[in-house]
1. Can you find a residue in the stretch 15-33 that is touching a residue at least 12 places away in the same chain (Cβ under 8 Å) and in a strand (DSSP E or B)?
2. Determine whether the stretch 249-263 contains at least one residue that is in a strand (DSSP E or B), farther than 28 Å from I292 by Cβ and at pLDDT 95 or above.
3. Can you tell me which residue is nearest to S215 (Cα to Cα) among those in the stretch 162-194 that are under 16 Å from the mean Cα position of the chain (by Cα) and among the aliphatic types (A, V, I, L, M)?
4. For the structure I just gave you, tell me whether I100 is modelled with pLDDT of 95 or more, surrounded by fewer than 20 Cβ atoms within 10 Å (Cβ to Cβ), closer than 25 Å to F127 by Cβ and of a type outside the set (D, E).
5. Working only within the stretch 223-257, note down all residues that are touching a Ser or Thr at 6+ places or on another chain (Cβ under 6 Å) and of a type outside the set (F, W, Y).
6. Are any of the residues in the stretch 76-84 part of a helix (DSSP H, G or I), of a type in the set (D, E, K, R) and either surrounded by fewer than 24 Cβ atoms within 10 Å (Cβ to Cβ) or in contact with a Cys (Cβ under 8 Å, 6 or more places away or on another chain) (or both)?
7. When you check L177 against the structure, is it out of contact with any Gly (no Cβ under 8 Å at 6 or more places or on another chain), part of a helix (DSSP H, G or I) and closer than 21 Å to V111 by Cβ, yes or no?
8. Can you tell me which of (1) under 17 Å from T168 (Cα atoms); (2) of a type in the set (D, E, K, R); (3) loosely packed, with under 14 Cβ neighbours inside 10 Å is the one R230 doesn't meet?
Amino acid sequence: MTIENKIGFLTNCLSVPFEEKIEIASRLRFETMEVACWPTGHPKQCDINADSYDPNTIKNIKNKLFDGNVSISCLAYYDNILDKEINKRRKNIIHLKNVIRLAHKLNVPYVGTYIGKNTMISMNDNFILAKDIFEPILEYAEVLGVNVLIENCPMPSWNTEGYPSTITYSPELIKKLFEILPNKNFGLNFDPSHMYWMGIDYLKFAREFSNRIFSVHVKDVRSDKYRFNRVGLYGKKTNKKHQFDFGYYSTVQPGYGDIDWPKLLKILRLKGFNGPLEVEYAREAGQNELEIKSLNESNKYLHQIVELGM
């Protein structure tokens, strides 16, 4: 594994001010971070306000990162950019472009988001809409020297019945997306855990789409075949404990689940992957001490794999 493969984490796993997150990253010897940039007040967190800042804000952030010897690899704004409500869709597009502009100001190479889905139109029409919306966004990002990354989560939590709410969750659909949007600054923030619980061969996907994988979300998952056979792919429909309760899989700390991280990262390394590895696993909000412990253990686990792969 090359030295460019910096190990970081998605910052909304911690419920503390951004300055403290930088300190924690530095103390735990993380090299980088994927920083939450949802709009202010959003439950997913806003560590840096992409809609309102001045040169002093940018300077202060850069200074704090320099002091902590930590970089920002990606700004995170994962939302439904194709939302069926036109006003909400417009707001999401504006905010995404503001995050891209902020990435340019901070010299951050990547912005992570979703394509999303308009649930009122067909899949084919969704791809037409995606091309209309994202073509100018990608052109804008290219001028600013920013790469836009799509995460492959199906976002079943956006649907009351647990059905996919994005158009980029399978190899078939992701292939279609890159056919209509072949821009070189357009890629994936690949999360293998979602493909695994859906029964998709994530290792085969990594081989096929390695040239589009710019970053990796490190989140592990355990799947129970017996329970899967009881409820099916879309999960349990009765006695759900919460919206993420599918009944047959659960997310766990990296290294404690079914994902073969050494094999996956070896495949990507042989294909020339040199992007960041961002730990995404998070417990319930407010459990900062447990989260910090998990982050520390995850960092050590990934460093072992990286060092073995060098």
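1. Yes - at least one qualifying residue is present in the stretch 15-33.
2. The answer is no; no qualifying residue exists.
3. L188
4. Working: modelled with pLDDT of 95 or more: yes; surrounded by fewer than 20 Cβ atoms within 10 Å (Cβ to Cβ): no; closer than 25 Å to F127 by Cβ: yes; of a type outside the set (D, E): yes.
No; evaluated as a whole, the condition is false for this residue.
5. The answer is Q243, Q253, P254.
6. Just the residues of the stretch 76-84 that are part of a helix (DSSP H, G or I), to begin with: none.
Looking through the stretch 76-84, none of the residues is part of a helix (DSSP H, G or I), of a type in the set (D, E, K, R) and either surrounded by fewer than 24 Cβ atoms within 10 Å (Cβ to Cβ) or in contact with a Cys (Cβ under 8 Å, 6 or more places away or on another chain) (or both).
7. Working: out of contact with any Gly (no Cβ under 8 Å at 6 or more places or on another chain): yes; part of a helix (DSSP H, G or I): yes; closer than 21 Å to V111 by Cβ: yes.
Judged against the criteria, L177 is a match.
8. (1)
The values are calculated or read from the model by the stated rules, or taken from the named source; none is laboratory data. Since we're looking at a predicted model, the values are computed, not measured. We place every Cβ from the backbone using ideal geometry, glycine too, and count neighbours over all the protein chains shown.
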